1. Out of Thr114, Thr104, Thr95, Thr81, which single residue is within 23 Å of Trp25 (Cβ to Cβ) and either touching a helix residue (DSSP H, G or I) at 6+ places or on another chain (Cβ under 7 Å) or open to solvent by 20 Å² or more (accessible area, probe 1.4 Å) (or both)?
2. For Ile109, indicate whether it is out of contact with any helix residue (DSSP H, G or I) (no Cβ under 7 Å at 6 or more places or on another chain), free of Cβ contacts under 8 Å to residues at least 60 places away in the same chain and closer than 28 Å to Arg44 by Cβ.
3. All but one of (1) surrounded by 15 or more Cβ atoms within 10 Å (Cβ to Cβ); (2) in contact (Cβ under 8 Å) with a residue 60 or more places away in the chain hold for Ser74, so report the exception by its number.
4. Which of the residues spanning segment 24-38 are open to solvent by 60 Å² or more (accessible area, probe 1.4 Å) and part of a loop (DSSP other than H, G, I, E, B)?
5. Just one of Ala70, Ala75, Ala58 is touching a Ser or Thr at 6+ places or on another chain (Cβ under 7 Å) and either polar (S, T, N, Q) or assigned to a loop (DSSP other than H, G, I, E, B) (or both); which is it?
6. Failed condition for Asn24, given (1) modelled with pLDDT of 90 or more; (2) under 12 Å from the mean Cα position of the chain (by Cα); (3) of a type in the set (S, T, N, Q), with all others met?
7. Are there any strands (runs of 3 or more DSSP E) wholly within segment 93-158 with 1 or more residues that are modelled with pLDDT under 90, and if so which?
8. Identify all residues within segment 136-152 that are open to solvent by less than 80 Å² (accessible area, probe 1.4 Å) and not aliphatic (A, V, I, L, M); write none if there are none.
Amino acid sequence: MKSVVGYILVLVIVPVHIFAAVVNWSGNFGDIILPNITSQGQIREDSSTITLFLDGDAEISANNTVSGPAELSSATDILVTKYMLSFDGDGASATGADDTSYETYNSFISTPVTILYVASDGEVDVTLYVQASNYPDNVADSGAYTATQTLTVTWTGP
């Protein structure tokens, strides 16, 4: 008598997820040229916008551990320097975050800002604002003032 052997093939498919984190700037912020400060109490501000492309949540931060490049200065003087960020999305209906408030250069986004990703919107316009003024009871010397603010974006996940 022949024996009948049956084989049952069990195929288990395990999904493999490969995450390729995407966080790209559209370039660098353009130069921000502030109008001249012409009186003691005058405040000047301007901004520059870039687009951030991402496929998951991210954090944006600034290094404020030392004074220096982020503070507007000339060869002879310094100005009160403040920064602020705004986003074209709110993180609920469109990729983005809550706008920050003006903070002095040394405390600007000392706690990273979380940018929330919305699947139907993989980009967010980020606007960097700069505000400059004289210190109280001091009129800064005339001349060219420069500062460099460096922001870092870190992908934090899907």
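The values are calculated or read from the model by the stated rules, or taken from the named source; none is laboratory data. These numbers come from a predicted model, not from an experiment. Positions of Cβ are backbone-derived with ideal geometry, glycine not excepted, and every protein chain shown enters the neighbour counts. We work out accessible area using only protein heavy atoms, side chains counted, and drop any ligands, DNA or RNA first. Shrake-Rupley method; radii C 1.70, N 1.55, O 1.52, S 1.80 Å.
1. Residue meeting the stated conditions: Thr114.
2. yes
3. (1)
4. Ser26, Asn28, Asp31, Ile33, Pro35, Asn36, Thr38
5. Ala70
6. Answer for Asn24: the failing condition is (1).
7. The strands (runs of 3 or more DSSP E) meeting that bar are 151-157.
8. Hits for segment 136-152 are Asn138, Asp141, Gly143, Tyr145, Gln149, Thr152.
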